[in-house]
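Visitor: Just passing along the structure, written as structure tokens.
None of the figures in this text is laboratory data; all of them are computed from the coordinates on show. Bear in mind the structure is a predicted one, so any value in this text is a computation, not a measurement. Because the Cβ atoms are built from the backbone with ideal geometry, glycine has one as well, and the counts that use them run over all protein chains shown.
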Amino acid sequence: MLVEFKVANFKSFNEEQVFSLVASKDTTHPDNLINAGKFNLLKTAAIFGQNASGKSNFITAVRFVENFVGRSATKMNQGDPIPSVAPFRLTLESKAKPSCFQIKVLIGDALYDYGFSATRERVHGESLTVRLPGARGAQEWIDRDYDARTGETKWRFGGPLSGEEKLLREKTRDNGLALSRGAELNIKALSELFLWFRQRLYIYDLSSPPTVLMNVTAESMIDDGQFGTKLSDMIRDADFGIDRIKVEERTRGVGDVASNIREGLSEQTLKMYLAEKAFSINAIHHVIPSDSEEEFDFMAEESNGTKRFFALAGPILHALENGNLMAVDEIECSMHPLLVRKLIELFQSPKANVKGAQLIFATHDSTLMDQTLLRRDQIWLVEKNKNGASQLRSLYDFAPDERPRNTEAFQRNYLAGRYGGVPNFGPALEDFELK
């Protein structure tokens with residue numbers, strides 16, 4: 001479970017920003033919390049803000065950490081630039097510094113505090129501190145620090161990694177992470193944290209066409225009949241007029257690739273694509289007044305909102321069943337606000353969410369800023385300061401004398417600009433005239 005995420009000098013974030021899922025002293029909505037030993041953690045958190053404020057950049061930061069941890073040991077070679085590292089560019093000082101990331105996760109009863117800093121050329125620092133169950137204090141397992149003046153990296157390993165120091169120093173590349181290399185070398189002490197990134201953290205952008213995600217959901221339905229039944233029930237209860245979903249695996253043909261795209265593919269790439277699994281997805285509708293049914297091609301004949309709900313429903317079921325963390329950008333894309341609200345309520349249900357699943361989502365839908373749905377510490381605002389840098393805080397993080405009361409109409413006050421995070425339009429947008 002996610003406890004905290006920090007980001008600094010990445011895209012629109014300059015100074016370090018702290019995003020915490022540790023519950024505040026707010027006493028509302030106790031069902032929205034996960035009791036995790038010494039921690040009370042939030043099941044969901046919403047990020048609001050105007051366009052270009054940094055909402056998507058925050059989700060991108062989480063995605064970058066997940067990708068770099070998962071791929072730095074196996075998908076990169078010595079000398080390769082680290083992809084997607086992007087420092088804050090509106091000050092001369094920040095452009096030359098590394099981007100920094102820190103994440104705290106609770107796995108079982110063990111608390112992992114992991115972080116790294118990197119530029120396009122190399123990793124500058126890496127740290128891992130672990131508090132094991134029953135231990136008096138935390139142990140420092142990894143401490144890595146690159147000195148740009150000397151060109152040398154200092155390493156310190158502790159705890160169960162003390163005996164692996166020579167191996168990790170020799171095998172970890174300048175542009176890779178010791179965590180990733182250690183897991184690839186089957187060092188057991190690092191496997192749990194590495195597998196959390198690979199198997200428990202999922203990031204989605206619903207503004208993009210959901211074709212790939214739909215295929216993932218379709219494959220899960222074929223592999224697990226019970227999963228398919230649950231998903232069909234979700235689709236039916238979402239009031240799309242669909243009785244159930246029918247999925248079949250099929251063989252891909254050359255005709256599945258548009259001719260203009262096919263011309264730019266190598267023969268090997270085309271063969272690899274055609275060898276991948278493909279699925280036909282059909283929505284079964286009831287014909288009135290009769291007992292007959294009609295099949296609709298899901299991709300061609302159903303709405304964008306229906307497709308996105310189907311694509312997201314699979315990962316949601318997996319998250320609830322396995323205790324995963326989901327981070328979703330533009331969760332409301334093409335879907336009705338009440339439907340999105342139901343998905344949030346599903347995560348917050350004490351009956352549906354018994355494994356500690358968590359949902360972080362970025363949205364423009366201010367109707368979700370509702371005190372009957374979310375606590376103040378679940379509502380986060382991101383806006384840019386006068387220097388163009390994104391700043392992040394929750395409604396509970398306001399100074400005590402400015403903190404919104406639980407009885408306030410959050411949405412109305414937000415749209416009125418009382419909390420920040422809304423556009424400040426210039427007069428041209430309302431008085432613009434064509435001459």
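Visitor: Quick one: among Arg250, Arg181, Arg418, which has the greatest mean-square fluctuation in a GNM of the chain with alpha-carbon springs under 10 angstrom?
Guide: With Cα springs under 10 Å in the chain, the top fluctuation among Arg250, Arg181, Arg418 is at Arg250.
Visitor: Each label point is 7 Å from the Cα along the Cα-to-Cβ direction; what then is the distance between the points at Arg156 and Leu132, in nm?
Guide: The modelled label-to-label distance comes out at 1.9 nm.
Visitor: May I pose another question? Please rank Thr229, Thr153, Thr60, fewest neighbouring Cβ atoms within 10 Å first, as an exposure proxy.
Guide: Thr229, Thr153, Thr60
Visitor: Let me ask something additional. Suppose only helical runs count, i.e. DSSP H with n ≥ 4. What mean residue ellipticity at 222 nm does that imply for the chain under -39500 (n - 2.57) per run, divided by all residues and rounded to the nearest 500 deg cm²/dmol?
Guide: -8500 deg cm²/dmol
Visitor: Can you give me the three principal axis dimensions of the range 59-177 from its C-alpha atoms, in Å, biggest first?
Guide: 46, 33, 28
Visitor: If I take R0 = 35 Å and measure r between the Cβ atoms of Leu338 and Arg120 in this structure, what FRET efficiency does the formula 1/(1 + (r/R0)^6) give, to the nearest 0.05?
Guide: So the FRET efficiency works out to roughly 0.20.
Visitor: Now a separate question. Where nothing but the Cβ of Lys and Arg (+1) and of Asp and Glu (-1) is charged, how large is the charge dipole of the chain around its Cα centre, in debye to the nearest 20?
Guide: 1580 debye
Visitor: For the cross-link pairs Lys6/Lys75; Lys11/Lys355; Lys25/Lys55; Lys95/Lys386; Lys25/Lys342; Lys95/Lys154, which exceed 30 Å when the distance is taken from alpha carbon to alpha carbon?
Guide: The pairs that break the limit, which is 30 Å between Cα atoms, are Lys11/Lys355.
Visitor: Pop the C-beta distance of Asp174 and Asp233 into the FRET formula with R0 = 35 Å and round what comes out to the nearest 0.05.
Guide: Approximately 0.10, to the nearest 0.05.
Visitor: Name the residue, out of Ile242, Ile187, Ile288, whose mean-square fluctuation peaks in a Gaussian network model built on the chain with Cα pairs under 10 Å.
Guide: Judging by the Gaussian network model, the answer is Ile288.
Visitor: A further question on this structure: Can you tally the net charge around Val3? Count Lys and Arg as +1, Asp and Glu as -1, for every other residue whose Cβ sits under 12 Å from the Cβ of Val3.
Guide: Counting the neighbours of Val3, the net charge comes to +2.
Visitor: Now, a different point. Quote to one decimal, in nm, the extra length available between Glu293 and Ala416 on full extension: 0.36 nm per residue of separation minus the C-alpha distance between them.
Guide: Stretched out fully, the Glu293 to Ala416 stretch lengthens by 39.4 nm.
Visitor: Where the centroid of each part is defined by its Cα atoms, how far is the range 101-160 from the range 167-227 in Å?
Guide: If we compute the Cα centre of each part, the gap is 20 Å.
Visitor: If every alpha-carbon in the chain counts as one equal scatterer, what log10 I(q)/I(0) does Debye give at q = 0.07, 0.09 1/Å?
Guide: -0.41, -0.68
Visitor: Please identify every one of the GluC sites (Glu not before Pro) in the range 66-130 that sits in a loop by DSSP and has no more than 15 other beta carbons within 10 Å of its own beta carbon.
Guide: Glu121
Visitor: Straight-line reach from Lys277: which lysines fall under 17 Å, measuring Cα to Cα and dropping same-chain residues less than 8 apart?
Guide: List returned: Lys246.
Visitor: Sticking with this one: In this model, which of Lys307/Lys351; Lys97/Lys188; Lys38/Lys104; Lys188/Lys351; Lys43/Lys384; Lys307/Lys384 are farther than 24 Å apart at the alpha-carbon?
Guide: The answer is Lys307/Lys351; Lys97/Lys188; Lys188/Lys351; Lys43/Lys384; Lys307/Lys384.
Visitor: Going by average Cβ neighbours within 10 Å, how do the peptides 397-408, 77-88, 32-43, 8-19 rank, with the highest at the top?
Guide: Going by the mean number of other Cβ atoms within 10 Å, highest first, we get 8-19, 32-43, 77-88, 397-408.
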